Every structure is written in C-alpha cells, then in structure tokens.
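A.B. asks: Take a look at the following structure, please.
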Ligand SMILES: Nc1ncnc2c1ncn2[C@@H]1O[C@H](COP(=O)(O)OP(=O)(O)O)[C@@H](O)[C@H]1O
Ligand SMILES: [Mg+2]
C-alpha cells in the first residue's frame, strides 16, 4: 500500500473551549454546505413565499380590507412564512442525521455535544437571511412601501432573528423525536400553519369567534403586528416586547428539550 | 505487563428488563486484533456502542486506552474511532468534504488538512470519486470513505462493527488489508463479525459471544483445538461415513490411507478435515452461527477417490 501514516497518535488532551469553538465552526460549515446542495429545498423555501406574496397581493388582496394597501399589510406575514419554511427544513436535516448514523459518529468523536445541532441552527439562520432578503426585495418591486427608520429595520430584524431561532429549535426538537426524515417533514406542518391563524394575513376581527380567540392567542399575531408597525413606522405599543417574550420562551423550552432529547442514550 | 488497550469487566446492559449483555469480559492488548464473533442479536453492537461511549452500561466497567468510558468519555473518544455497521458519512457532501471535515474535527493542523485528506482518499482508492457527492457512491465506496474518516485521526483503537457484512469479496479483501496495515503501524483493532472465516483470517484472538455472554476466548487455533483434532473422513460405497484420527501431517495422512488400503475399505470419496470455527461455534453454543451461506470448506482438503 502507500506510505500514509497510520501510526496511532498519543491520546490528545481533553479539548478546550477553543477546540470546541473550532469544531462548532466546522460543523456550521458542513450544514451551510448541505443547504447549498439541497437546491430544490432552498428554491422552494424562497419561491413559495414569493408566489404566495404575489398571490395575496394580486389575487386575494383586493377582497381583503385592512385599512391600508394590502401589500404593506401582508409583507410581515410573508416574511414570517418564509422564516417558517427555512426553519422547517432543519427538522428534516436533524432527523436524517439521527437515523443515518452521522450523529453517532460525531458523538463518538471528541466533538462538543450538540455542536452538530448548533451547525444546523446557524445554517437555518443563514438560509433565512438570504430568503428573507429576497422576499423583501420582491415585495419592494411590487409596491411595498416601508416607512421604517434604520432603528426600526434593526428592531424588526432582531424580532425576526429571535423568531427564526425559536422556530428552528422547535424544528430541531421535532427532528430529534421523529422516527425519520419523512416523519419530521410531516410534523413541521405545525410550524408552517401557524401564521395562517393569526393577524398576519387578515385582521383578526374579521374571523369567526373561535378562530378569532385562537388567533389572538397565537404568538404569531403580536409578531406580525410588531413587524408591521416597525416596517410601516406606526406605533408599536407592547407588540415588540410581547413577541420577544413569547419567542424567547419558546426558544428556551425548545432548546432545553432538544438538549435532553439529544443526550438521552438509547 | 502493559495495561490492556481495551478492558471490560462484567459489562451488563439490559433493554426493557431483558438482559442484552450479561457480564462481558474482554481484554485486548496493544497491537492485537480481537474478533468479537457472534450471531445476530448476540450483543456485539451493544458492546461496541458502550466502548465508544454512545451507550452507558448498566453495570461493570469498560476502559479504553486506560480511560473509563463513563467518567473519562472525552478521552475515550479521542483514543478510539468507531466505524459502525452502516456507513456514517454525509450523503450531501463530496468524499473530499467528508474527509476534510473529519480532519478538522480531528484537529489536524490547518495547513495539513488538505494533504492529509488527499492521502486518505488515495489510500482508500477514492481519489477519482473525491469530488462527487457521496449520494452517487456504491455501498463499498461508502464503507471505504467511512473507514478513511475513522483512520484520519490515527486512533489508538479502531473499532469496526461488522465491517464486511454486505461487501463484495474484493472490497472485503481490501478491508482485511487495511486492518493488517493498521496493526502493522501499531494500532489495536476490535472488530465484530458473524463470519467465522473473517475471525480466522484476521484476528489474533477470538471472543465468541452468544446471548450477551462470552462463551469462549482464545486464538482461533485454540478454539478449534478445543473442539477436536483433525481426521480423515471417508465416504464408503455402502453409504457409511468413517472418521480416522490424524494429526494432519503428510506422513500421518499417508499412514491413515495405508490402513484404509489394508482394511480393503471401498472408498467413494475422502477428505482431511480440521475443525473449523463453524465446528467450534456449534460445539460452544449448541447452535450454528447462522452463516449457512458461507463455505465450510475453509480448512478442508478434498480429494477425488483413487
Ligand atoms: N436500543 C435498543 N432497545 C431495545 N433493544 C435493543 C436495543 N439495542 C439492541 N437491542 C437488543 O439487544 C440485542 C443485542 O443487540 P445487538 O447488540 O445489536 O446485537 P448484534 O450486534 O450482535 O447483532 C438484540 O436482541 C436487540 O434487539
Ligand atoms: Mg450488530
């Protein structure tokens, strides 16, 4: 055979925090690469919201009265929907890692526990940044007319980041409990469905009784209200704080659940 | 004497109240290949998963390179590489990307990552396929890539869980060569297998595991010897089979055949049989290893009737 060195190396000292950071970075790189290899998924995550945006603006928009241009009303909804799609694919990635032995491989290596998951989460943030930017760009082309200051944009981005992080960790937890990628993909419909029963697409006052109550309780409602207020330069009231509180809570719960699910030894 | 590289004592594990490992004792010394031989469901994978810190044992101790799998898991992980029963490589990445990721995670110095990855790909004959995504790889190529990933970190201990199950003969032979090079370089290997001939060909020591218990532990020769000696097996014209003991040397076989002639036996077919690990397994566990498709003629020399 060749001259490759297979001599066992002395057992290295336990990895320090710097090693942990480097390992996590390597796994982020892996997940981002994976995203670019799933072009069909990536395209769907961008194109579907764009198609929905166009449909809502040109087809349904005329029939929904919101007291403002419908395109201005609906952009936060589309942005939240986009984030949902971007986050949901994480469940499929995690589930396939769990079932095909990759996670076991990393767990049997001196790699920090959970760094694989962190990799998927950061990749989800990156995917969402790209698809959200694209959707907003298309929205601007079809007449979206924001009146936000730089600070408003930043605040909106902040709310959106917390929202995406929370949904992504929910997706991670789904990926960890699902029996496989297909099952995981099925479960994520919950994430995708949330914005429809909220104030994102129509004012909740127009909904029938029960749905209206559900919509008022739905954390997507304060989130879309907050984004709308920030982007259109309207008073935000308590919406930003309520939205942040909701998603920070979901984030913590999903993060802890994922850690527990990941650590459980079978 | 130097401390064993792998040592388990009284390893126990139960799933849902059903014992899967019931006191497994194993010892592997530096530079050895230990084959953990047993049928499906014997507890091989469970043992391997405990050694690689993926599963916590219910009882007993396991040490790898001197580190306890429970209390020093991080050190164990740094000392050992596991190649599981199914290739654990990223389907969406190329072969090269998989190996480079492994190199980074093994903390290969940044400037050596490329070189080291290329080397490993070449060693496993994957250079031409390096830029293709693993999704396009055959089963044999995936296994080779998996092994390249495992060996990249130059582990003290290489653990292979049924490495050749489902491989074609050529890939199997190639894998055997790799195991031999690892050992030649000073590595230690624990491999599980259902194939007696694999244990016979590769292992310095064979531990036979059945229903969570090691029922025999020794060299392949010792196991075979424990089962009985070589004999000349005669198929007679009247349908009977006769066995005459021999030590298997040319001179002694000639002596036995002389006796056959003197007795005027009417032989249709004869062969010298030395006990195979199949025989050993049957004798040790009371059932065969479930490898009916494998040739039992491993240590048999057959002759046409004279
Ligand atoms: N996670 C698990 N949960 C329940 N039973 C398990 C689990 N893992 C293994 N077993 C059972 O333990 C026994 C031994 O399994 P295993 O170690 O995989 O055997 P082998 O690798 O020798 O085929 C089998 O009966 C298997 O069904
Ligand atoms: Mg097994």
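The values are calculated or read from the model by the stated rules, or taken from the named source; none is laboratory data. Since we're looking at a predicted model, the values are computed, not measured. So basically every Cβ, Gly included, is an ideal-geometry build from the backbone, and we count neighbours across all protein chains shown.
A.B. asks: Determine, yes or no, whether residue B:84 is within 16 Å of ligand 2 (Cβ to nearest atom), within 20 Å of residue B:198 (Cα to Cα) and either free of Cβ contacts under 8 Å to residues at least 40 places away in the same chain or at the interface with chain A (Cβ under 8 Å from one of its Cβ atoms) (or both). Steps first, answer last, please.
C.D. replies: Details: within 16 Å of ligand 2 (Cβ to nearest atom): yes; within 20 Å of residue B:198 (Cα to Cα): yes; either free of Cβ contacts under 8 Å to residues at least 40 places away in the same chain or at the interface with chain A (Cβ under 8 Å from one of its Cβ atoms) (or both): yes.
Yes.
A.B. asks: For region B:117-142, which positions are within 9 Å of another protein chain (Cβ to nearest Cβ) and more than 24 Å from residue A:35 (Cα to Cα)?
C.D. replies: B:119, B:120, B:122, B:123 - these are the residues of region B:117-142 that are within 9 Å of another protein chain (Cβ to nearest Cβ) and more than 24 Å from residue A:35 (Cα to Cα).
A.B. asks: Additional query: What's the total number of residues in region A:1-23 that are under 28 Å from the mean Cα position of the chain (by Cα), more than 10 Å from chain B (Cβ to nearest Cβ) and either touching a residue at least 12 places away in the same chain (Cβ under 8 Å) or under 30 Å from residue B:189 (Cα atoms) (or both)?
C.D. replies: The qualifying residues number 1.
A.B. asks: Consider residue A:69 against the criteria (1) surrounded by 24 or more Cβ atoms within 10 Å (Cβ to Cβ); (2) more than 23 Å from residue A:180 (Cα to Cα): it satisfies all of them except one. Which criterion is unmet?
C.D. replies: If we test residue A:69 against (1) surrounded by 24 or more Cβ atoms within 10 Å (Cβ to Cβ); (2) more than 23 Å from residue A:180 (Cα to Cα), just (1) comes out false.
A.B. asks: Take residue B:59 and tell me if it is over 20 Å from the mean Cα position of the chain (by Cα) and on the phi > 0 side of the Ramachandran plot. First the steps, then the outcome.
C.D. replies: Values: over 20 Å from the mean Cα position of the chain (by Cα): yes; on the phi > 0 side of the Ramachandran plot: no.
Judged against the criteria, residue B:59 is not a match.
A.B. asks: Still on this model: Which strands (runs of 3 or more DSSP E) does region B:1-68 wholly contain that include 3 or more residues that are touching a residue at least 24 places away in the same chain (Cβ under 8 Å) and within 16 Å of ligand 2 (Cβ to nearest atom)? It would help to see each step written out before you state the result.
C.D. replies: Details: elements: B:6-15, B:18-28, B:33-37, B:59-64.
Result: B:18-28, B:33-37.
A.B. asks: For residue B:157, are the conditions met, namely being within 14 Å of chain A (Cβ to nearest Cβ), touching a residue at least 40 places away in the same chain (Cβ under 8 Å) and closer than 30 Å to residue B:13 by Cα? Spell out how you get there, then give the answer.
C.D. replies: Details: within 14 Å of chain A (Cβ to nearest Cβ): yes; touching a residue at least 40 places away in the same chain (Cβ under 8 Å): yes; closer than 30 Å to residue B:13 by Cα: yes.
Taking the combined requirement at face value, the residue satisfies it.
A.B. asks: Now, a different point. Within region B:133-174, can you find the residues that are touching a helix residue (DSSP H, G or I) at 6+ places or on another chain (Cβ under 8 Å) and within 16 Å of ligand 1 (Cβ to nearest atom)?
C.D. replies: Matches in region B:133-174: B:159, B:160, B:161, B:162, B:163, B:164, B:166.
A.B. asks: Out of everything in region B:175-195 that is touching a helix residue (DSSP H, G or I) at 6+ places or on another chain (Cβ under 8 Å) and within 16 Å of ligand 2 (Cβ to nearest atom), what residue ends up being nearest to the other protein chains (Cβ to nearest Cβ)? Steps first, answer last, please.
C.D. replies: Narrowing region B:175-195 to residues touching a helix residue (DSSP H, G or I) at 6+ places or on another chain (Cβ under 8 Å): B:175-176, B:178-180, B:182, B:189-193.
Keeping just the survivors that are within 16 Å of ligand 2 (Cβ to nearest atom) gives B:190-193.
Working: B:190: 13, B:191: 16, B:192: 15, B:193: 19 Å.
Checked region B:175-195; the qualifying residue nearest to the other protein chains (Cβ to nearest Cβ) is B:190.
A.B. asks: Sticking with this one: Search region B:33-42 for residues being surrounded by fewer than 24 Cβ atoms within 10 Å (Cβ to Cβ) and at pLDDT below 95, and hand back the single one that is farthest from ligand 1 (Cβ to nearest atom). Spell out how you get there, then give the answer.
C.D. replies: First, pick out the residues of region B:33-42 that are surrounded by fewer than 24 Cβ atoms within 10 Å (Cβ to Cβ): B:33, B:39-41.
Those still in the list that are at pLDDT below 95 too: B:39-41.
On the way: B:39: 7, B:40: 5, B:41: 4 Å.
Per the criteria, the residue is B:39.
A.B. asks: Hey, can you tell me all the residues within region A:150-202 that are modelled with pLDDT of 90 or more, under 26 Å from residue A:66 (Cα atoms) and surrounded by fewer than 20 Cβ atoms within 10 Å (Cβ to Cβ)?
C.D. replies: Result: A:150, A:151, A:152, A:153, A:154, A:157, A:158.
Here's the yes/no breakdown for (1) more than 13 Å from chain B (Cβ to nearest Cβ); (2) part of a helix (DSSP H, G or I):
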{"residue": "A:97", "(1), (2)": "no, yes"}
{"residue": "A:104", "(1), (2)": "no, yes"}
{"residue": "A:109", "(1), (2)": "no, no"}
{"residue": "A:120", "(1), (2)": "no, yes"}
{"residue": "A:129", "(1), (2)": "yes, yes"}
{"residue": "A:140", "(1), (2)": "yes, yes"}
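A.B. asks: I'd like to know if region A:107-118 contains one or more residues that are surrounded by 23 or more Cβ atoms within 10 Å (Cβ to Cβ), within 30 Å of residue B:106 (Cα to Cα), touching a strand residue (DSSP E or B) at 6+ places or on another chain (Cβ under 7 Å) and modelled with pLDDT of 90 or more.
C.D. replies: yes
A.B. asks: Scanning region B:93-114 for residues that are facing chain A (nearest Cβ under 8 Å) and modelled with pLDDT under 95, which turns out farthest from residue B:135 (Cα to Cα)?
C.D. replies: Just the residues of region B:93-114 that are facing chain A (nearest Cβ under 8 Å), to begin with: B:93, B:97, B:101, B:104-107.
Applying the additional criterion that residues be modelled with pLDDT under 95 yields B:104-107.
Numbers: B:104: 22, B:105: 22, B:106: 24, B:107: 26 Å.
In this case the residue turns out to be B:107.
A.B. asks: Another question, then. Starting from residues that are at pLDDT below 85 and touching a helix residue (DSSP H, G or I) at 6+ places or on another chain (Cβ under 7 Å), keep the ones in region A:49-66 and report whichever is surrounded by the most Cβ atoms within 10 Å (Cβ to Cβ).
C.D. replies: A:57
A.B. asks: Right, next: Among the helices (runs of 4 or more DSSP H) lying completely within region B:73-177, list those that include at least 1 residues that are surrounded by fewer than 18 Cβ atoms within 10 Å (Cβ to Cβ), assigned by TED's automatic domain parsing to the domain that holds residue B:38 and out of contact with any strand residue (DSSP E or B) (no Cβ under 9 Å at 6 or more places or on another chain).
C.D. replies: Details: elements: B:73-79, B:95-105, B:113-123, B:139-151.
Because the criterion is at least 1 residues that are surrounded by fewer than 18 Cβ atoms within 10 Å (Cβ to Cβ), assigned by TED's automatic domain parsing to the domain that holds residue B:38 and out of contact with any strand residue (DSSP E or B) (no Cβ under 9 Å at 6 or more places or on another chain), the helices (runs of 4 or more DSSP H) in region B:73-177 that meet it are B:113-123, B:139-151.
A.B. asks: Write out, first by first residue and then by second, each pair whose Cβ atoms fall under 7 Å of each other, whose residues are 6+ apart or on separate chains, and whose first residue, in region A:175-198, is touching a residue at least 12 places away in the same chain (Cβ under 8 Å) while the second is in a loop (DSSP other than H, G, I, E, B).
C.D. replies: Matching pairs, first to second residue: A:184/A:178; A:187/A:178; A:194/A:218; A:197/A:218; A:198/A:218.
A.B. asks: Here is a list: B:199, B:207. Which entry is away from every other protein chain (no Cβ under 14 Å), within 16 Å of ligand 1 (Cβ to nearest atom) and touching a helix residue (DSSP H, G or I) at 6+ places or on another chain (Cβ under 7 Å)? Quick ask: steps written out before the conclusion?
C.D. replies: Numbers: B:207 fails: touching a helix residue (DSSP H, G or I) at 6+ places or on another chain (Cβ under 7 Å).
Just a single option satisfies the conditions, and that option is B:199.
A.B. asks: Return the residues of region B:181-212 that are touching a strand residue (DSSP E or B) at 6+ places or on another chain (Cβ under 6 Å) and either more than 19 Å from residue B:26 (Cα to Cα) or not assigned by TED's automatic domain parsing to the domain that holds residue B:51 (or both); say none if nothing qualifies.
C.D. replies: B:182
A.B. asks: Considering every residue within region B:18-32, establish whether at least one is within 10 Å of ligand 1 (Cβ to nearest atom) and exposed (fewer than 14 other Cβ atoms within 10 Å of the Cβ). Please lay out each step first, then the result.
C.D. replies: We begin by selecting, within region B:18-32, every residue within 10 Å of ligand 1 (Cβ to nearest atom); these are B:18-21.
Subset that is exposed (fewer than 14 other Cβ atoms within 10 Å of the Cβ): B:18.
Checked region B:18-32: at least one residue is within 10 Å of ligand 1 (Cβ to nearest atom) and exposed (fewer than 14 other Cβ atoms within 10 Å of the Cβ).
A.B. asks: Same structure, new question: Please enumerate the residues belonging to region B:56-66 that are closer than 10 Å to residue B:21 by Cβ and buried (at least 20 other Cβ atoms within 10 Å of the Cβ).
C.D. replies: Start the filter on region B:56-66 by keeping residues that are closer than 10 Å to residue B:21 by Cβ, which leaves B:57-60.
Scanning region B:56-66 gives a single hit, B:57.
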